[in-house]
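Novice: Provided herewith is a single structure, encoded as structure tokens, for subsequent inquiry.
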Amino acid sequence: MTRDTLDAAAIAAHRAGLAAALDAGRAVLADGGSAIDAVTVAVSALEDDPHFNAGRGAVFTYHGTNELDAAVMDGQTRRAGAVAGVTRTRNPVQLARTVMEAGPHVFLSGAGAEDFARDHGIAPVDPAWFATPERLRQLEELKAHPQAWFDADMKYGTVGAVARDAAGHVAAATSTGGLTGKRWGRIGDSPLIGAGTYADDRAGAVSCTGSGEQFIRAGAAHEICARMRLTGDSADRAARAVLGEIGAMGGVGGVIVVTPTGETSMAFTTPGMFRARADSTGAHEVAIFGDG
Ligand code: GLY
């Protein structure tokens with residue numbers, strides 16, 4: 001997004017949503033909570049905020065539905081949970097967390113994932129909960145200009161969080177509605193462990209946003225962690241190297257990274273990326289565009 005494509009009201013709303021999610025996650029950590037709790041809380045807040053492409057406010061599929069993907073990963077244990085194509089679960093990140101903690105599998109999809117949710121006491125919502133007029137307008141615009149599909153100017157809006165807790169453990173969570181107009185059961189990088197989401201206390205935690213197809217092909221989140229672990233790259237160097245590979249494939253996007261020592265990166269190859277960062281020293285940053 002650029003300053004030309006977001007008006008003042010939208011900028012203010014996105015900044016407020018980012019700050020609320022950041023503060024929710026920070027409060028968990030300040031209370032001595034775990035990184036996995038912090039990222040779950042932060043992403044849940046963004047899912048409930050209609051300005052972001054996850055949960056309420058998710059983009060529409062070609063057929064006018066909302067199909068939601070999410071994942072979580074705990075760097076201490078490298079346990080992970082993910083769901084794809086859910087349509088009736090208000091907070092897909094919480095369902096992914098339940099998959100991680102209560103199920104025998106890592107990745108569930110569609111009706112089966114919804115069955116698992118109901119079996120574990122997560123009540124369904126009316127699918128209308130997710131719909132917003134702005135996302136419907138975007139679908140109609142896309143259908144009117146089908147050549148714009150996968151255009152680099154498309155706004156993605158996937159949400160994610162990474163955290164490092166007082167014990168030095170890291171975690172990552174990502175949630176998305178995917179791409180406007182997606183069809184054929186398309187699943188992007190966000191719920192794929194190693195592509196859009198990864199966490200490993202030996203390296204760091206990573207959550208990605210952007211053109212999912214290229215992030216999948218790059219194995220982006222795991223590749224960033226592998227570079228940090230095996231080559232000694234800093235978080236930022238690893239992030240930029242992998243975004244460079246994705247760029248060479250024709251993809252764009254961004255990543256957020258945190259390491260067990262508290263090093264961070266918020267790197268992106270798009271004109272802007274909704275982002276926010278805080279730490280226990282009092283640093284507190286909310287930004288959208290390249291210059292803030
Ligand atoms: N990066 C989100 C997606 O491609 O679905």
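None of the figures in this text is laboratory data; all of them are computed from the coordinates on show. Keep in mind that what you see is a predicted model, and the values were worked out from it rather than measured. As a convention, Cβ positions derive from the backbone with ideal geometry for all residues, glycine included, and neighbour counts pool all protein chains shown.
Novice: Kindly provide log₁₀ I(q)/I(0) values, in the same order as q = 0.19, 0.21 Å⁻¹, from the Debye equation applied to equal alpha-carbon scatterers of the stretch 224-292.
Specialist: For the requested q values the scattering log ratios are -0.80, -0.93.
Novice: State the Cα centre-to-centre distance between the stretch 93-128 and the stretch 56-73 in whole Å.
Specialist: Spelled out, the Cα-based centre of one part sits 14 Å from the other.
Novice: Please give the contour-minus-distance gain from Ala241 to Thr281: 0.36 nm per residue of separation, less the Cα-Cα distance, rounded to one decimal in nm.
Specialist: Gain on stretching Ala241 to Thr281: 11.5 nm.
Novice: Tell me what the chain gives for mean residue ellipticity at 222 nm when only DSSP H runs of n ≥ 4 count, each as -39,500 (n - 2.57), the sum divided by the residue total, rounded to 500 deg cm²/dmol.
Specialist: -11000 deg cm²/dmol
Novice: How large is the charge dipole for the chain, taken about the Cα centre, if only the Cβ atoms of Lys, Arg (+1) and Asp, Glu (-1) carry charge, to the nearest 20 debye?
Specialist: 320
Novice: On alpha carbon coordinates alone, what is the Rg over Rh value for the stretch 153-292, Rh being the Kirkwood radius?
Specialist: Rounded to two decimals, Rg over Rh is 0.95.
Novice: Going by how many other Cβ atoms sit within 10 Å of their own, how do Asp4, Asp236, Asp200 line up, fewest first?
Specialist: Neighbour counts put them in this order, fewest first: Asp4, Asp236, Asp200.
Novice: Full extension from Leu136 to Glu263: what is 0.36 nm times the residue separation minus their Cα-Cα distance, to one decimal in nm?
Specialist: 41.8 nm
Novice: Separate question: Taking a spot 7 Å from the Cα of Thr77 along the direction of its beta carbon, which residues of the stretch 95-131 have an amide N less than 14 Å from it?
Specialist: Inside the label zone: 97-106.
Novice: When the convex hull of the C-alpha atoms of the stretch 105-223 is computed, what volume per residue in Å³ does it have?
Specialist: It comes to 151 Å³ per residue, whole-number rounded.
Novice: Additional query: Multiplying the sequence separation of Arg183 and His63 by 0.36 nm and subtracting their Cα-Cα distance, what value in nm do you get?
Specialist: Fully extending the segment from Arg183 to His63 adds 42.4 nm.
Novice: Just the number: Rg to Rh for the chain, Cα atoms, Kirkwood Rh, two decimals.
Specialist: Reported Rg/Rh, Kirkwood definition of Rh: 0.94.
Novice: Let me ask another. For the stretch 173-229, compute the orientation-averaged projected area of the C-alpha convex hull (one quarter of its surface), in nm².
Specialist: It is 3.7 nm².
Novice: For the stretch 175-239, which chymotrypsin sites (Phe, Trp or Tyr not before Pro) are both in a DSSP coil and crowded by at most 12 other Cβ atoms within 10 Å?
Specialist: Answer in residue order: Trp184.
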